[in-house]
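This report concerns only the one structure given below.
The values are calculated or read from the model by the stated rules, or taken from the named source; none is laboratory data. Bear in mind the structure is a predicted one, so any value in this text is a computation, not a measurement. Heads up, the Cβs are rebuilt from the backbone with ideal geometry, glycines too, and the neighbour counts pull from every protein chain shown.
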Amino acid sequence: MNRTATRLGILLAAGAAVVAVLLALLMPFSSGQTPRDPGGPGDDLTRNVQVNRLSERDHVLTVDSPALGHEGMVRVLLPRDWRPGSGPWPVLYLLNGCCHAEYDAWATQGEAARLTSPYPAIVVIPEVGEVGFYSDWRDGPGWETFHLTEVRRILERDYGAGDRRAVAGLSMGGLGAMSYAARHPGMFQAAASFSGVLNTLDGNGGVDWLLGQYDEDSTDLWGPAGDPAWTAHNPADLTGKLRGIRLFVSCGDGSPGPLDPAGAAQDRGEASLLRQAETFADRVRVNGGQVVTDFYGPGTHSWPYWRRGLERALPMLMESIGARV
């Protein structure tokens, strides 16, 4: 009788264990998670991705993004030798500036496809909204999570992206490049800024003014003035975390230069950004980092200078991630 009871107890315990496993498998994977705190490599954050193949090497992705709460766009430029199942490939993120109606302006105006075509690397140009500031907003979309978790996983899963990465951006995208490299140790081996917003605490860096143009409030982004989130996203305050990362910073002084049309006006915004860039570069060096600067004098806040900046930075960026010609 005792043996029978023992066998029955074992069977009941085993059955309970099986039921527990089945219940766990039936639970939604994302239970208890938020878009800002994604789960492990097997989660389903990037389940819905539509691909529009503009050419064999030029893809446009529409991503149903939990982090954004809506669809996000991504332009992907593939290397010449890319094939399904190939890799791992190095990755270059190109980050847009503010206020551009085209999320992929690096491709449509920056000649990214031509400039990067010799290099064996995947180039990704993600949407960031007009004034997204490459951050997970306190009250709004999670751009940082979208770019560095969701898009990264799509690239790894569908395109064979590896773990060697560089990042470059213009204007607001310069902030994104340096902030991302500093805030995510080990994710990027190199970063570049072209006319970047590199010190948001220099007269507010123009952040409030830019957000105001789109009826946005900076408190929804990083909280009120003085909140620690401002320094936590400010490149000039993050330079100590950029040691060991290869850096490139370029900016003009705002006066009309050789790439400007005749009669171009003085650009006070670019002059302000040069001051920010100089402060950033000085702090990088004080904190033991290394940065190549290209403060080229006359030049306004415009595409001809950003294209030239990318062309000058590309050899360093690509060499840093092993994408040599």
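Here are the numbers for the structure shown:
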item: Unique match (being among the basic types (Lys, Arg), part of a helix (DSSP H, G or I) and surrounded by fewer than 17 Cβ atoms within 10 Å (Cβ to Cβ)) among Arg275, Arg283; result: Arg275
item: Qualifying residue in segment 244-262 (condition: free of Cβ contacts under 8 Å to residues at least 60 places away in the same chain, loosely packed, with under 14 Cβ neighbours inside 10 Å and under 24 Å from the mean Cα position of the chain (by Cα)); result: yes
item: Strands (runs of 3 or more DSSP E) contained in segment 117-224 and holding at least 2 residues of a type in the set (Ser, Thr, Tyr), over 19 Å from Trp306 (Cα atoms) and at pLDDT 95 or above; result: none
item: Unique residue being buried (at least 18 other Cβ atoms within 10 Å of the Cβ), in contact (Cβ under 8 Å) with a residue 12 or more places away in the chain and of a type in the set (Gly, Ala, Ser) when the list is Gly205, Gly223; result: Gly205
item: Criterion (farther than 21 Å from Met178 by Cα, modelled with pLDDT of 95 or more, among the acidic types (Asp, Glu) and surrounded by 15 or more Cβ atoms within 10 Å (Cβ to Cβ)) met by exactly one of Asp43, Asp64, Asp104; result: Asp64
item: Enumeration of residues in segment 293-318 that are surrounded by fewer than 24 Cβ atoms within 10 Å (Cβ to Cβ), out of contact with any Asp or Glu (no Cβ under 8 Å at 6 or more places or on another chain) and among the hydrophobic types (A, V, I, L, M, F, W, C); result: Trp303, Leu314, Met316, Met318
item: Considering residues of segment 112-126 that are of a type outside the set (A, V, I, L, M, F, W, C) and within 12 Å of Leu94 (Cβ to Cβ) only, the residue nearest to the chain's Cα centre (by Cα); result: Pro126
item: Tabulated pairs, segment 304-325, first under 15 Å from Leu94 (Cβ atoms), second part of a helix (DSSP H, G or I) and at pLDDT below 95, C-beta under 6 angstrom, 6+ apart or interchain; result: none
